[in-house]
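The values are calculated or read from the model by the stated rules, or taken from the named source; none is laboratory data. The structure displayed is predicted, hence computed values, not measured ones. Don't worry about glycine lacking a Cβ; one is built from the backbone with ideal geometry, like all the others, and counts go over all protein chains shown.
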Amino acid sequence: MKFRNSAIPQLRNLLIALCAINIFTTAFARNVDLSTVPNRDTVQLTIYNSEDLTLVRETRLITFNTGVNPLQFSWANTLIDPTSVELRFLTSPDKLEILDTTFPHDKPEQLTWNVASEINGEARVEITYFTSGISWSADYVLIADTDEKTLSFDGYVRVTNNSGEDYENAGVRLVVGKINLVEKIAELARRGVAPESRARDAAKSEMRRGVAPAAVAPMALAGSMRMDTDFDGVVEFQLADEKTIAKELLSEYFIFAIPGTETVPDGWSKRMRAIEAEEVPFAVKYRYRPAEYGERLVRVWSLVNDADSKLGDSPIPDGKVRVFRQNGRDGLAFLAALDTKYVPAGDKMDLNLGADPEVIFELLKLRASRDNIWMKRGGVDVYTRVGEPGVAFEANSTVEGWDEHGFFNQRVRNFTAKPIEVEVRRAYSGDTDFISQLPGIKNHDNNTAEFTFTVAPGATSDNPFEILTRKGRNSKQNRVTLVN
């Protein structure tokens, strides 16, 4: 007796269904969905800190069939600006063409490119867009020797990714400087794109793209960071691992390129070394500059950002500086943590370490007087100077001009074991004479007198001067005149 296997037709139908599913999946495997498909061929991030803006450039190898091929792009749960998304064909551009771009009404965070292809095979494409949520910061560690003559200088950059998208093996470029945008990228990403306003938003996106003309230069592949050597503004400085960070001068801002590639997942930070220098010479100075440091004498470490100081030829971005000194017992003494501003190449980097408790700074007022007083008689434009023969005070007269004299001593007591160099700046308003025999006296500006002196270890330095200020009708100008 024969038995028919009733499961065979059902198995045949299942296999046919699986084949159909496989064909359907293969047909759409070429879709580009950046929010769910992390694998890219190359990716580059150009980060503009001042405006919470990052230009992303990525390439992919995509297999095209002859005919129309849909490519899908999604920015769900990211801060990508949808108005800035662009697709470009790097290979076979004459045989590939974007027919249209559609935005499904039921998927507001997705678009689809319909690409007409004359080839059957792989082609490399490039997708560019702006995103926000990626930032970078710089920090520095300086360690001086016990004699405070030279220091080691280590600089780092930290890239933080809160964009909602993972970026693996990305080339990283950092922009230093101020740029202006029509709209904030994060706001555009949050509100989405309304179909009726796409043309207007696309125009604004084109305007935003103009802030980064150099950022759309050809991308350096992983492992071969190379900048355009024909560009006159490019300089380099060495890293410990023999790689280089390249810098491009672009009008008001600079671009630093980190060598190699880095993986920065969403919600993570990556810290990378940027500067490493040993035996950098510096000078210790004591400064009184109320406009910069307030009403106190501060100790300043001053170094020059140039090749002679072993810091190379690149500017130093603004960031946090932590300062240490070797204590002579195989340990470090922490001195200060402060913020530094952007330091151009060849410029000085001054670090304010605050007041030194071993240096006493005091201004002593010795005496004061007033003379050359001019009176105006009531109701009459007649001026007389008090003290002249026949001139006396009258009840209906007013004081219209006079000179004030102040006699001072700038005293500094140095309780350290080293000689110190002191610089004092004192500003005065009005018509003022700064009268002194002090060496090294000069005008810092029209209203500021500056003088410098050296105080020996354990010594006290007295620096006397007189201030003559003309008031009222006696005043003829608004500046400080030096009188020896």
Practice task
Could you look through segment 173-197, keep only residues that are modelled with pLDDT under 80 and of a type in the set (Lys, Arg), and pick out the one that is nearest to the chain's Cα centre (by Cα)?
Solution key: Lys178
Exercise for the section: Kindly indicate whether any position in segment 151-172 is within 30 Å of Ala307 (Cβ to Cβ), more than 17 Å from the chain's Cα centre (by Cα), at pLDDT 55 or above and of a type in the set (Gly, Ala, Ser). Expected result: yes
Problem - Identity of the residue in segment 19-69, part of a strand (DSSP E or B) and of a type in the set (Lys, Arg), that ends up modelled with the highest pLDDT - result: Arg57
Practice task
State whether the residues of segment 272-280 include one that is of a type in the set (Lys, Arg), out of contact with any helix residue (DSSP H, G or I) (no Cβ under 9 Å at 6 or more places or on another chain) and farther than 24 Å from Glu362 by Cβ.
Solution key: yes
Handout entry: segment 418-438 residues that are under 15 Å from Thr460 (Cα atoms) and free of Cβ contacts under 8 Å to residues at least 60 places away in the same chain, paired with ones that are aromatic (Phe, Trp, Tyr) and part of a loop (DSSP other than H, G, I, E, B) (beta carbon under 7 Å, 6 or more apart)
Key = none
Practice task
Determine if segment 311-326 includes at least one residue that is modelled with pLDDT of 95 or more, touching a Phe, Trp or Tyr at 6+ places or on another chain (Cβ under 7 Å) and farther than 30 Å from Val159 by Cβ.
Solution key: no
Completion exercise
Matching residues in segment 296-323 (touching a Lys or Arg at 6+ places or on another chain (Cβ under 9 Å) and part of a loop (DSSP other than H, G, I, E, B)) number 6
Completion exercise
Listed by first then second residue, the pairs whose first member lies in segment 49-63 and is at positive phi, whose partner is in a strand (DSSP E or B), with beta carbons under 8 Å and at least 6 positions apart or on separate chains, are Asp52/Ser135
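Could we say that Ser397 is closer than 27 Å to Asp356 by Cβ, hydroxyl-bearing (Ser, Thr, Tyr) and surrounded by 15 or more Cβ atoms within 10 Å (Cβ to Cβ) here?
In short, no.
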